[in-house]
Amino acid sequence: MSSRQSWNAQDYQANAGFVPVLGRPVLALLAPRPGERVLDLGCGHGALTREIVEAGCEVVGVDHSPAMVAAARDSGIDARLMDAAAIAFETEFDAVFSNAVLHWVKDADAAIAGVVRALKQGGRFVGEFGGHGNMAAVVTALAAVLARRGVDIAAVNPWFYPTPDDYRGRLETAGFAVDSIELIPRPTPLPTGMKGWLETFAGPFYAVLPEDDRRLRDETIDLLRHSLCDGEGNWTADYVRLRFAARLLDRRTSR
Ligand code: BEZ
């Protein structure tokens, strides 16, 4: 959800269609019940949102990307353009669900405060996103490419990968009881290799440099080949997920 990240629903499906597929366990953790009103925070093109609708829920999807909102609407979802750090709902959802989005939201406390506002008392917040150590090799390679050009990755990195203790603390401070929170290492085969992954997700790092993205991408790929590409040319990304389930006990957040 960085302003420098752009999204294209077709490219996303080709390069990262595994994201909603591998998000199904989070949906199981949500355990949506017919008749519930659910907010899908960062619905993307709506692959998992549709499954919540099919479970009998009344679902609103929000996303920061106009292209993704348009794609979700095309498939019949009530999708709205909204920033995850500025959720504009008041006490109307039984549950907030989020898959593979919250690592784009640097102001994690603002996102959590918005979820608190959106939930009814006792409502559930269930999600998964990149956790501590997520894409460590990729981040290190991007840091090296930037450092060679005098840029500190810390100044441009749009990703937030907290530890379970960090995120639990934020949730509890905002008034949630945390039922579960864990890091899940999930090596993930990349259907279009590292090239496709970087094309879809690494824009914010390359955008700060005057060079052609293709050259920067090739350099990143050369650095990563040793650790993430096997002898047959298959790429596996070093994903680590942070998965959690929490219930809103009382509204303690002041934001
Ligand atoms: C993730 O799902 O962990 C992720 C996706 C895109 C960029 C960074 C991380």
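Order Ser75, Ser6 by their accessible area, 1.4 angstrom probe, all chains in place, largest first.
So, going from the largest accessible area down, we get Ser6, Ser75.
Run the paramagnetic zone check for Leu81: 7 angstrom along Cα to Cβ, then residues of region 88-129 with backbone nitrogen under 20 Å.
Under cut-off, by backbone N: 88-89, 105.
What angle, in degrees between 0 and 90 and rounded to the nearest 10, separates the Cα long axis of helix 108-118 from the longest principal axis of the Cα atoms of the chain?
30
Quote to one decimal, in nm, the extra length available between Val151 and Gln5 on full extension: 0.36 nm per residue of separation minus the C-alpha distance between them.
50.7 nm
Using modelled amide H (1.01 Å from N, peptide plane; none on Pro or chain starts), what sits under 5 Å from the amide H of Asp78, excluding residues fewer than 5 places away?
Residues meeting the amide H criterion: Gly61.
Using heavy-atom solvent-accessible surface (probe 1.4 Å) with all chains present, what is the largest-first order of Ile112, Ile181?
So the residues, ranked largest to smallest area, are Ile181, Ile112.
Ordering Glu90, Glu128, Glu232 by how much accessible area each has at a 1.4 Å probe, largest first, what is the list?
My answer, sorted largest first, is Glu232, Glu90, Glu128.
Pairs of Cα atoms under 8 Å, at least six residues apart: use those to get the relative contact order of region 122-255, whole percent.
Across region 122-255, relative contact order equals 48 percent.
Using alpha carbons only, how many angstrom separate the centre of region 52-67 from the centre of region 157-211?
Result: 21 Å between the Cα centres.
Can you list the HN-Hα couplings for region 147-156, worked out from phi with the Karplus curve (6.51, -1.76, 1.60; θ = phi - 60°), rounded to whole Hz and with x for Gly and Pro?
3J(HN,Hα) across region 147-156, in whole Hz: 4, 4, 10, x, 9, 7, 4, 4, 6, 10.
Choose one answer from Gly231, Gly196, Gly23: the residue with the largest mean-square fluctuation in a GNM of the chain with alpha-carbon springs under 10 Å.
Highest fluctuation among the options: Gly231.
Using a 1.4 angstrom probe, figure out how much accessible area the chain has per residue, in square angstrom, rounded to the nearest whole.
Using a 1.4 Å probe on heavy atoms only, each residue of the chain averages 42 Å².
For every helix of n ≥ 4 consecutive DSSP H residues, a contribution of -39,500 (n - 2.57) applies; sum these over the chain, divide by its total residues, and give [θ] at 222 nm rounded to the nearest 500 deg cm²/dmol.
Theoretical 222 nm ellipticity from helices: -11000 deg cm²/dmol.
Evaluate E = 1/(1 + (r/R0)^6) for Thr236 and Arg33, where r is the Cβ-Cβ distance and R0 equals 41 Å; express this FRET efficiency to the nearest 0.05.
0.70
Ignoring ligands, DNA and RNA, what percent of the accessible area of the chain is carbon or sulfur (1.4 Å)?
So the carbon and sulfur contribution to the accessible surface is 51 percent.
In debye to the nearest 20, how big a dipole does region 29-188 give about its Cα centre with +1 on each Lys and Arg Cβ and -1 on each Asp and Glu Cβ?
380
Using the basic label-point model (7 angstrom from Cα toward the beta carbon), what is the Gln13 to Thr140 distance in nanometres?
Label at Gln13, label at Thr140, 3.6 nm between them.
State whether region 12-83 is rounded, prolate or oblate according to the following rule on the C-alpha gyration tensor (a ≥ b ≥ c being the square roots of its eigenvalues): a/c under 1.5 gives rounded; otherwise a/b larger than b/c gives prolate, and the remaining case gives oblate.
Verdict is oblate for region 12-83.
The values are calculated or read from the model by the stated rules, or taken from the named source; none is laboratory data. Small disclaimer: the values here were computed from a predicted structure and weren't measured. Every residue, glycine among them, receives a Cβ derived from its backbone with ideal geometry; neighbour counts consider all protein chains shown. Remember, those area values only see protein heavy atoms, side chains included, never the ligands or the DNA or RNA. Shrake-Rupley method; radii C 1.70, N 1.55, O 1.52, S 1.80 Å.
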